[in-house]
């Protein structure tokens, strides 16, 4: 399978997913609506890498606007029976040292878990989103794929930092140090474990045993807010995506329908041809929750839930250093009909939505996921490194 949407430099050591701009390289976010679009500048994260001696090997396939499970519904990628993330597979094979990916609804973390590589979705605001083809700006974040925690720490040390061009960029920054984990406390959420297949459960429990061997205290707990957090994030994500993709109208750039009689038909036909079924479903749902009759009960309530979840998670993190949980319900995905995608993504996002909703960091390693409070990247990387070293 071809994982690059566009190759830029043979022998380059960094891959960049197709929702992140690279100057003069086609950047389509996996969508026909942006067919042939070439940006005049690179994303801030890409610029920082290049200034520090890294070279972009190419742009990797992503699912249209990052809305699917692992990238299976890119307009440009070959279809396959076994679903795999392009950037994750390039890192796994060693073709690139690391890759940048935008985590909006957990696709990057699911891809990393299935391919067996690491991916960090950092604290919201610690990596500039300048140069990202945005959908759900309040929860999306540029993250890093690498083979291990040390590789992620290296790249994060380059791309993280305040950026005046990004209004959400923070001045406070986490550290990316690998530290001793003895005495740390980690919890496993029973409700999430119960949603997984047996092989995934075994991965989580095996990871827990390795943590215990490193001196970490691991406890199983019961938490009730992951399902409601997922619902709230899907509402907010769909609403924001609905607004953000409305700019793609077939006029200034990208795909333009050839058959139209007036400006209304140009818009309708271009978008009908340019967006896939999943994106259209997200747009329709986003329009619905923003409508006059549903705004207060859906969108406004989800904003309130976001605050409540942030408070509940902070309370949990007062007792523990991290949460150990699955990144997805199974260890492999098979091809399926795109008309089932909206519900499939919703079900799988229960494992990833909290980090997007409240902006906390989440790290996938060894096929499982660690989540911590804001700016706790060092703790997550250290926990991952302790287990990765044991496995070598």
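We did not get these values from a lab; they are worked out from the coordinates using the rules stated. Just so we're clear, the structure is a prediction, and the values are computed from it rather than from any experiment. FYI the Cβ positions are ideal-geometry reconstructions off the backbone, even for glycines, and counts take in every protein chain you see.
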Pick from the stretch 326-359, criterion farther than 28 Å from residue 81 by Cβ and touching a helix residue (DSSP H, G or I) at 6+ places or on another chain (Cβ under 7 Å), ranking: surrounded by the most Cβ atoms within 10 Å (Cβ to Cβ): 356
In the stretch 221-254, how many are part of a loop (DSSP other than H, G, I, E, B), touching a residue at least 60 places away in the same chain (Cβ under 8 Å) and touching a strand residue (DSSP E or B) at 6+ places or on another chain (Cβ under 9 Å)? 1
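Results for (1) surrounded by 15 or more Cβ atoms within 10 Å (Cβ to Cβ); (2) within 20 Å of residue 135 (Cβ to Cβ), shown as yes or no for each residue.
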| residue | (1), (2) |
| --- | --- |
| 247 | no, yes |
| 250 | yes, yes |
| 257 | yes, no |
| 263 | no, no |
| 269 | yes, no |
| 273 | yes, yes |
| 276 | yes, yes |
| 290 | yes, yes |
Might you let me know whether the stretch 166-174 holds any residue that is buried (at least 24 other Cβ atoms within 10 Å of the Cβ) and either within 22 Å of residue 383 (Cβ to Cβ) or in contact with a strand residue (DSSP E or B) (Cβ under 7 Å, 6 or more places away or on another chain) (or both)? no
Looking at the structure I just gave you, is residue 102 part of a loop (DSSP other than H, G, I, E, B) and touching a strand residue (DSSP E or B) at 6+ places or on another chain (Cβ under 8 Å)? no
What is the one condition in (1) within 25 Å of residue 285 (Cβ to Cβ); (2) buried (at least 24 other Cβ atoms within 10 Å of the Cβ) that residue 138 does not satisfy? (2)
So which residues in the stretch 40-73 are under 21 Å from residue 240 (Cβ atoms) and part of a loop (DSSP other than H, G, I, E, B), if there are any at all? 43, 62, 63, 67, 68, 69, 71, 73
Checking residue 329 against (1) closer than 16 Å to residue 234 by Cα; (2) within 17 Å of the chain's Cα centre (by Cα), only one condition comes out false. Which one? (1)
